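*Asks:* To start, I am sharing the structure in question, which I have written as structure tokens.
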Amino acid sequence: MTQTPAAKPQPEPRGAYKTFRTISTRWMDNDAYGHVNNVVYYSWFDTVVNAHLIEEGALDIHHGETIGLVVETQCNYFSSIQFPQMVEAGLRVAHMGKSSVRYEVGLFVHGEPLTAARGHFIHVYVDRATRRPATLPEKLKSVLEALK
């Protein structure tokens, strides 16, 4: 059986995202090849999602009964980012289940119309004590709905 190849990922425009956070690149983010190392992109994904949830009052990282654990992550790279540039990270929710959320993040070099990179990660929300899946709290659901 012949499989049809999946469509090649493409950069996306700013309008594909619901909210944005500006992140400064740092000297240490560049690698030996003169651009931001791939592991930094995943840190930016984590930063944009969790900072948004904390600021919106949907996540209490110190005392909340429910916490999000990353179970899957992925990134596609389209153009280089390097120090010293500002990154504008766009955020949206692609899917919300009973206890899980798929966040999608687009990384834009300041002022550029298309993503330099885009990817996703999936949080499964669990009870802090038992680490068993937990139903998304109502406040979290309302914040997530605004990102769809």
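The values are calculated or read from the model by the stated rules, or taken from the named source; none is laboratory data. Note that the coordinates shown come from a computational prediction; the quantities given were computed from them, not determined experimentally. Cβ placement follows ideal geometry from the backbone for every residue including glycine, while neighbour counts extend to all protein chains displayed.
*Asks:* In region 53-77, which residue that is part of a loop (DSSP other than H, G, I, E, B) and without any contact (Cβ under 8 Å) to a residue 24 or more places away in the chain is farthest from residue 135 (Cα to Cα)?
*Replies:* Filtering region 53-77 for residues part of a loop (DSSP other than H, G, I, E, B) gives 56-65.
Going one step further and asking which of them are without any contact (Cβ under 8 Å) to a residue 24 or more places away in the chain, we end up with 60-63.
Values: 60: 16, 61: 17, 62: 19, 63: 17 Å.
Out of the qualifying residues, it is 62.
*Asks:* While we're on this one: List the strands (runs of 3 or more DSSP E) inside region 78-147, counting only whole elements, that have at least 3 residues being surrounded by fewer than 15 Cβ atoms within 10 Å (Cβ to Cβ), in contact with a strand residue (DSSP E or B) (Cβ under 7 Å, 6 or more places away or on another chain) and on the phi > 0 side of the Ramachandran plot.
*Replies:* On the way: elements: 86-96, 100-109, 117-127.
Output list is empty.
*Asks:* Still on this structure, please answer the following. Within region 30-44, can you find the residues that are in a helix (DSSP H, G or I), surrounded by fewer than 20 Cβ atoms within 10 Å (Cβ to Cβ) and of a type in the set (Ser, Thr, Tyr)?
*Replies:* 42, 43
*Asks:* Sticking with this structure for a sec: Hey, can you tell me all the residues within region 1-18 that are closer than 19 Å to residue 91 by Cβ and either in contact with a Lys or Arg (Cβ under 8 Å, 6 or more places away or on another chain) or at pLDDT below 95 (or both)?
*Replies:* Scanning region 1-18 gives 9, 11, 12, 16, 17, 18.
*Asks:* Among the residues of region 17-29, which ones are among the β-branched types (Val, Ile, Thr) and assigned to a strand (DSSP E or B)? Spell out how you get there, then give the answer.
*Replies:* In the first step, residues of region 17-29 are kept if they are among the β-branched types (Val, Ile, Thr); the result is 19, 22-23, 25.
Of everything in region 17-29, those that are among the β-branched types (Val, Ile, Thr) and assigned to a strand (DSSP E or B) turn out to be 19, 22, 23.
*Asks:* Only residues in region 35-52 that are farther than 19 Å from residue 125 by Cβ count as the first member; pair them with residues that are among the small types (Gly, Ala, Ser) and part of a loop (DSSP other than H, G, I, E, B), Cβ under 8 angstrom, at least 6 apart or cross-chain, and list the lot.
*Replies:* 35/80; 36/80
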